[in-house]
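What follows draws every value from the coordinates through simple rules; no lab data is involved. Note that the structure is a prediction, hence the values are computed from the model and not measured. Backbone-built Cβ (ideal geometry, glycine too); neighbour counts: all protein chains shown.
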Amino acid sequence: EAAINRIAAGEVVERPASAVKELVENALDAGARRIEVDYANGGKTLIAVRDDGHGIAADALPLALARHATSKIDGSDLTNIASFGFRGEALPSLGAVGRLRIASRPAGAEGAEITVEGGRMGPVRPVATPFGTVVELRDIFFATPARLKFLKSDRAEAQAIADVVRRLAMAAPDTAFTLTDRTGGAPRVVFRAEAETGDLFDALGARLARLLGAEFRDNALPIEAEREGIRLTGFAGLPTFSRGAANAQYLFVNGRPVRDKLLHGALRAAYADVLARDRHPVAALFIELAPARVDVNVHPAKAEVRFREPGLVRGLIVSALRHALAEAGH
Ligand code: ADP
Ligand code: MG
């Protein structure tokens, strides 16, 4: 049983950044307004995510660690998934591959904590803890040394963590985020983004300026388009503000960060006439459509999606971006 759980867990948790993704998504699902992410040694020795969300009641702590015991769907409509989590696999998986501690305190209740190490669950104990939830994962993959060997350098794993948190922070501009590296002695803040207010463009623009630099906002075109019920919003960088790598393309579908060939291809096509082949646009684009028109359930950990009408989505992006670029004289 434990071995099977560890194998299944490896599907969900590939590296420290995938653990961070699951924990931050849980915090967002819990309605957090403030999320603090700490890590040490590229997340290999410590990952900690603190939130001020609705918390987990003491008697629900063991349940949160039971496989497929999610509280987020009732099973009636798998296509209508508004929250990030819906499989109930993350916490059990993290508890299988590392030393996990969850401490939580819902409003008006006492705090409680539980630990799981390599799949072995301890008892629920009372603990003094701030309102909300803190999840700590120490020594990821200590129980699966083979997987530990596949991890990259601390620096590369830390970069992957920063990328995951940055993308989720773009998807939730009204939530405050702090990312702190706690390796060694003094903590080092990697980035901090206060909660943004105002309408979508104000809040998103401010958050992007915070995360990508003020130059991005000054060199980006606001995008707002709709075709047959599919909405596209966000910011697309001017050709003069391009990069040598395609790693500054932030794409979201129904509020969830995705990496998708179709979307990246559409972005490339939109800029084909205004950018040299070895240059890549910087962009943050949000697509919204009815959940039934997109399958986000392709793989538990991969951020792939499958659109029911790929041609329509591609056409929308290409024409909206080309139009905006042309209007700006490109
Ligand atoms: P899922 O997110 O798919 O439901 P998880 O394994 O990620 O599954 O989490 C299991 C359950 O634990 C969630 O359904 C939720 O009820 C609870 N939970 C996890 N993290 C938090 C959190 N930060 N705040 C409140 N509840 C949480
Ligand atoms: Mg989850």
**Request:** For the stretch 201-327, go through all pairs of different Cα atoms, get the mean of 1/r, take its inverse, and jot down that Kirkwood value in Å.
**Result:** 14.7
**Prompt:** Rule-of-thumb check for the chain: C-alpha Rg over 2.2 N^0.38 Å?
**Reply:** 1.02
**Request:** Using only Cα atoms, tell me the angle between helix 154-171 and the longest principal axis of the chain; keep it within 0 to 90° and round to the nearest 10.
**Result:** 70
**Degrees, to the nearest 10: 2-12 long Cα axis against longest axis of the chain** = 20
**Prompt:** For ARG217, what charge total do you get from the other residues with a beta carbon under 11 Å from its beta carbon, if Lys and Arg give +1 and Asp and Glu give -1?
**Reply:** -1
**Complete:** If one compares the long axis through the Cα atoms of helix 261-271 with the longest principal axis of the Cα atoms of the chain, the angle in degrees, nearest 10, works out at 30
